[in-house]
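Asks: Could you have a look at this structure, given as structure tokens, before my questions?
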């Protein structure tokens, strides 16, 4: 059964509490962790006992404190959006107490649920296309929705503005992916930076981490490896603090492992640090709750081991890289066409690094029909580069000639 959408998801994923608001305990705990405060720090700032803070943060605590002054102080100390504490836009009194009946938000202060469902549906279909076929097919719908959202946001304020900005952050991340796939890297950089900035404005930890992950991939294209690692480490702070659900948490560790690999060189300590990130991602994939979390990232052992193999290839630890690819292949889901391509291309790169021409070209021969079927234009250049290297070594190798002939054929019809 599909999870219901709540208006406060613009700020974070919290369970429902009382009076059409989020569960207070989860809100306070979440923002305390985001602020880097301990429970003892918060107790001292509130001039209350540690026991009071623990009771306030309990999952069982669903109601707001009656005292407005206490809610205002929590909002200021932890930078909690006031609306999550029932302080805006309805509270206009300075009295110490307020009737709980004033907590519910009037319908005109929120986006229509059907409009949100429409946009979320486009996001879901587009991301499914990315993983299983071609994101370019959804490009027009993505662009159309983004134009609508950018236009709508000009005429609203308050909660509606925040709800639209949360959607805009998701669509800009998706639009950046389309641009990246089409090798429009400067456009992709602008779009993903917009997604990151919107997420930070909302202080939504999951939006921030997901947007940073999107930016890391684009930084790789620009050879900005140090900046990619910095983004990965920022995302991992949220993962370590328990502010992310498992799919996104695992992906943060996976991306950190990959980013660290690019900078490790021959430093065994940094190599091990990279592999430790992959180990953490693997533990999440094996033991975590990997139900979709609305961030549209996939944490699975196949992708983790493909990226681990890439790291091991960079470290010139080729036998270990092949072992990682063998594990990835065992875990591979047949509907994830992109994962199949990633595995075969990484396998080819590993063989090439070992000067195994036949192995390299054989893997690419298996990959080319899949790439042609879903029109992955950005994969053509690395495949031709690998072919050129293999041809330089063994121009008359049967697999080289077969791959060369295959690449000269017209692209197959899309599936």
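The values are calculated or read from the model by the stated rules, or taken from the named source; none is laboratory data. Since we're looking at a predicted model, the values are computed, not measured. As a convention, Cβ positions derive from the backbone with ideal geometry for all residues, glycine included, and neighbour counts pool all protein chains shown.
Asks: State which residue pairs qualify: first residue more than 10 Å from residue 315 (Cβ to Cβ) and inside the stretch 263-286, second residue at pLDDT 95 or above and surrounded by fewer than 16 Cβ atoms within 10 Å (Cβ to Cβ) in any location, beta carbons under 7 Å apart, and separation of 6 or more residues or different chains.
Replies: From residues that are more than 10 Å from residue 315 (Cβ to Cβ), the pairs are 263/226; 263/270.
Asks: Here is a check on your reading of the model: is residue 147 more than 29 Å from residue 372 (Cα to Cα) and out of contact with any helix residue (DSSP H, G or I) (no Cβ under 7 Å at 6 or more places or on another chain)?
Replies: Numbers: more than 29 Å from residue 372 (Cα to Cα): yes; out of contact with any helix residue (DSSP H, G or I) (no Cβ under 7 Å at 6 or more places or on another chain): yes.
Considered against the rule, which asks whether it is more than 29 Å from residue 372 (Cα to Cα) and out of contact with any helix residue (DSSP H, G or I) (no Cβ under 7 Å at 6 or more places or on another chain), residue 147 comes out as yes.
Asks: Considering only residues that are closer than 23 Å to residue 234 by Cβ and in a loop (DSSP other than H, G, I, E, B), which ones fall in the stretch 28-80?
Replies: The answer is 36, 37, 38, 79, 80.
Asks: Mind listing whichever residues of the stretch 16-27 are assigned to a helix (DSSP H, G or I) and without any contact (Cβ under 8 Å) to a residue 60 or more places away in the chain? Give the steps one after another, and end with the answer.
Replies: Pass one, the stretch 16-27, residues assigned to a helix (DSSP H, G or I): 24-27.
Within the stretch 16-27, 25, 26, 27 meet the criteria.
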